[in-house]
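Asks: Handing you this structure, nothing more for now.
The values are calculated or read from the model by the stated rules, or taken from the named source; none is laboratory data. If you're wondering where the values come from, they're calculated on a predicted model, not measured in any experiment. So basically every Cβ, Gly included, is an ideal-geometry build from the backbone, and we count neighbours across all protein chains shown.
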Amino acid sequence: MQSDQPLQLIDFRGPATSSGSRGQYTRVDLYAGPVCLNGPDGLTGDLQIELFGQALRELPAAPDLINQVLEITLEGGGEITSQVVV
């Protein structure tokens, strides 16, 4: 099924300006920490593998992600950043 409507991405964390204010996890008291891979449109499989590899390298420093999110982001200049978001 095709549509002329643009694809609307829904961020489970809520709006970027107020992360955690809405979204799927606001109704949950306890959740396992998801890992988010963020990047530009057209993120290739190879880039996803690279970002996931970075996430695996970050896990020893953040072994307890209960009610937190590990975000791995490919920035516009090619830099990969990571952060744990509560």
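Asks: Could you run through the stretch 34-86 and say how many residues are free of Cβ contacts under 8 Å to residues at least 12 places away in the same chain and on the phi > 0 side of the Ramachandran plot?
Replies: Summing the residues that are free of Cβ contacts under 8 Å to residues at least 12 places away in the same chain and on the phi > 0 side of the Ramachandran plot in the stretch 34-86 gives 2.
Asks: Hey, another quick one. Could you say which residue among I49, I10 is surrounded by fewer than 12 Cβ atoms within 10 Å (Cβ to Cβ), modelled with pLDDT of 80 or more and β-branched (V, I, T)?
Replies: Just a single option satisfies the conditions, and that option is I49.
Asks: Within the stretch 52-86, take every residue that is of a type in the set (G, A, S) and not in a helix (DSSP H, G or I) and give me the one that is surrounded by the most Cβ atoms within 10 Å (Cβ to Cβ).
Replies: It comes out as S82.
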